[in-house]
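In what follows, a structure is listed as structure tokens, so that the remarks can point back to it.
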Amino acid sequence: MIMSKVCERHHRLPRECYRGQITVVFTACILKKRPFFLSNKIVDPNVAMLARALVKNKCIAPVYCFMPEHLHVMIQGQADDSDAWQAMVDFKQRSGYWFWVNCCITRWQKDFYDHIVRKSEDLGAQVRYILENPVRRGLVKHWWEYPFLGAIGCDLGEIIDSLVCF
């Protein structure tokens, strides 16, 4: 019997595309879409782990939103040697270990989705998309009512104020 080698399609851009002063929007999902991020007891430690990964990789998060079964986060490199991809990998690794120690049945899906925001794109549209996610899902009437969103390394209010129209 001949066994064929299974090849995964590499859909990622080269690693250097995620380095420097760039903006990347990531979405990471909980395995089997199990609702997990439902309380401050779960979300707060994950925000802290995300913050550590961002600092380590010289990045900030102008906006993040922990939905029940996934995370949306915009990561911006702040220096020429910043690494947005590595910040996300570091966060998922640390939080995955935290899941195992504290929750044992919850895990991240293997990979994550990402979108490098080009200079020609509307950054405000990306921020609005992330903030409006709980509204689209019917979890709250207004985005500011949702408890599990914010910014790391900058002020979300200033980010929103800088948008031409929200």
Check: For the range 68-124, what class follows from the C-alpha gyration tensor (a ≥ b ≥ c being the square roots of its eigenvalues): rounded when a/c is under 1.5, otherwise prolate if a/b is larger than b/c, else oblate?
Finding: prolate
Next item on the list: Might you work out the accessible area of Asp44 for me, using a 1.4 Å probe with all protein chains in place, and round it to the nearest 10 Å²?
Entry: 80 Å²
Notebook entry, point to check: Dividing the alpha-carbon radius of gyration of the range 98-166 by 2.2 N^0.38 Å (N being the number of residues), what value is obtained?
Noted result: 1.39
Next item on the list: Subtract the Cα-Cα distance of Trp144 and Lys33 from 0.36 nm times their separation in residues, and report this length gain in nm to one decimal.
Entry: 37.5 nm
Checklist line | Net lengthening on full extension, Val135/Val89 (0.36 nm per residue, minus Cα-Cα) | finding: 13.8 nm
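Listed highest first by mean packing, meaning other Cβ atoms within 10 Å per residue, what order do 130-136, 86-92 come in?
86-92, 130-136
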Margin query: Based on C-alpha coordinates, I'd like the Rg and Dmax of the range 96-135, in Å.
Written below: 15.5, 43
Note to self: Is the C-alpha gyration tensor of the chain telling us rounded, prolate or oblate? Criteria: a/c under 1.5 is rounded; beyond that, a/b larger than b/c is prolate, otherwise oblate.
What the structure shows: oblate
Notebook entry, point to check: How far is the Cα center of the range 33-68 from the Cα center of the range 123-166, in Å?
Noted result: 15 Å
Margin query: Assuming 0.36 nm per residue, please report the length gained on full extension of the stretch Asn40 to Arg52 beyond their Cα-Cα distance.
Written below: 2.5 nm
Item checked: For Leu54, net neighbour charge (Lys/Arg +1, Asp/Glu -1) across residues whose Cβ lies under 11 Å away -> +1
Notebook entry, point to check: What are the extents of the Cα atoms of the range 21-79 along their three principal axes, listed from largest to smallest and rounded to whole Å?
Noted result: 36, 19, 16
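The values are calculated or read from the model by the stated rules, or taken from the named source; none is laboratory data. Treat the numbers as computed from the prediction; the structure is a model and nothing was measured. Backbone-built Cβ (ideal geometry, glycine too); neighbour counts: all protein chains shown. Surface accessibility is based on the protein's heavy atoms, side chains included, excluding ligands, DNA and RNA. Shrake-Rupley method; radii C 1.70, N 1.55, O 1.52, S 1.80 Å.
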